[in-house]
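See below for the structure under consideration.
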Amino acid sequence: MVSVRAVIFDLDGCLVDSEPLSLEAIACEMRALGIGDASAQEIGDRFLGVAMPVIADYVSGRLGAPVPANFAERVEARLLATYQTELRQIPGASKLLAGLAAEGRAMAIATGGSLRRMAATLELSGLDGWFGATATSAAEVRQGKPAPDIFLLALERLGMAACDCVVLEDSPHGIKGAREAGIPAIGFVGGSHLDGKRSQHAALLRDAGADQVFERLEDVAGFILSRTERLTT
């Protein structure tokens, strides 16, 4: 019997090429607050895959004052406006999900984004049909990545054991959270936010505990669908 019965996906940077849009939205709002040198690279280098409250704490430190209470909402509004015309799937995403479904593999989402952002991302990218009750947001748990909470909730919704699943993540925080939850994890470095630094980022994912790292979703599909032994837990 094949061991990988379900796949838990990070959403941004793994199924949709949204990370550059997200990082720039945060940097824009930081600059609007007076942090003139804020950049998407700064946020990406420090907080890829981390929930917004952690980022807001960092911004507060940079600002030297509390951020406005609606900071996260302002970032999200800016981002969702951009999504209307600029959001794209990672090449091969729909084919990967269709292949997994055809093989009877269950699927879940574990994203650091809000419920609103998760729903909008899935709808605007055309991926909403693949995920229903198993789409899971950090807004639904006490602690976001790298804590294991969101992955444990995804397991609960899938009704499966950690050893029967695998997580696909593009951030070291996500890999660490998955491993803390007892779930094997593989890394993905195909998003455009990693242009020019894929090798370095792949090394970070391996150091965080990724069993394998891939640049193409086609290769992710081949790896998952070929598994006949358990991955490292």
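Table: residues versus (1) among the hydrophobic types (A, V, I, L, M, F, W, C); (2) over 27 Å from residue 108 (Cβ atoms); (3) surrounded by fewer than 18 Cβ atoms within 10 Å (Cβ to Cβ); (4) touching a strand residue (DSSP E or B) at 6+ places or on another chain (Cβ under 9 Å).
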site	(1), (2), (3), (4)
40	yes, yes, no, no
57	no, yes, yes, no
65	yes, yes, yes, no
75	yes, no, no, no
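Mind telling me which of the residues 97, 33, 48, 23 ends up being modelled with pLDDT of 95 or more, at negative phi and not assigned by TED's automatic domain parsing to the domain that holds residue 215?
Working: 97 fails: not assigned by TED's automatic domain parsing to the domain that holds residue 215; 48 fails: modelled with pLDDT of 95 or more; 23 fails: modelled with pLDDT of 95 or more.
After ruling out the rest, the residue left standing is 33.
For segment 115-132, give me each residue that is in contact (Cβ under 8 Å) with a residue 60 or more places away in the chain and not in a loop (DSSP other than H, G, I, E, B).
Kept after step one, since they are in contact (Cβ under 8 Å) with a residue 60 or more places away in the chain, are these residues of segment 115-132: 118, 121-122, 125, 127.
Answer for segment 115-132, where residues must be in contact (Cβ under 8 Å) with a residue 60 or more places away in the chain and not in a loop (DSSP other than H, G, I, E, B): 118, 121, 122, 125.
Is segment 144-160 home to any residue that is touching a strand residue (DSSP E or B) at 6+ places or on another chain (Cβ under 9 Å), crowded, with 19+ Cβ neighbours inside 10 Å, at pLDDT 95 or above and assigned to a loop (DSSP other than H, G, I, E, B)?
no
Would a scan of segment 100-114 turn up a residue that is assigned to a helix (DSSP H, G or I) and crowded, with 17+ Cβ neighbours inside 10 Å? So that I can check it myself, show each step before the final result.
Going through segment 100-114, the residues assigned to a helix (DSSP H, G or I) turn out to be 100-102.
This time we only want the ones that are crowded, with 17+ Cβ neighbours inside 10 Å, so: 100.
Yes, there is a match, as at least one residue in segment 100-114 is assigned to a helix (DSSP H, G or I) and crowded, with 17+ Cβ neighbours inside 10 Å.
Does residue 79 satisfy the criteria of being at pLDDT 95 or above and buried (at least 18 other Cβ atoms within 10 Å of the Cβ)? Spell out the reasoning first.
Values: at pLDDT 95 or above: yes; buried (at least 18 other Cβ atoms within 10 Å of the Cβ): yes.
It is true that residue 79 is at pLDDT 95 or above and buried (at least 18 other Cβ atoms within 10 Å of the Cβ).
Scan segment 133-143 for residues that are over 17 Å from residue 15 (Cβ atoms) and assigned to a helix (DSSP H, G or I) and report the count. Steps first, answer last, please.
Quick first cut of segment 133-143, residues over 17 Å from residue 15 (Cβ atoms) only: 133, 139-143.
Filter once more, keeping what is assigned to a helix (DSSP H, G or I): 139-140.
Residues meeting the conditions: 2.
The values are calculated or read from the model by the stated rules, or taken from the named source; none is laboratory data. Predicted model, so just to flag it, every value in this text is computed and none were measured. A quick note on method: Cβ atoms are made from the backbone with ideal geometry, for glycine too, and the neighbour counts reach across all protein chains shown.
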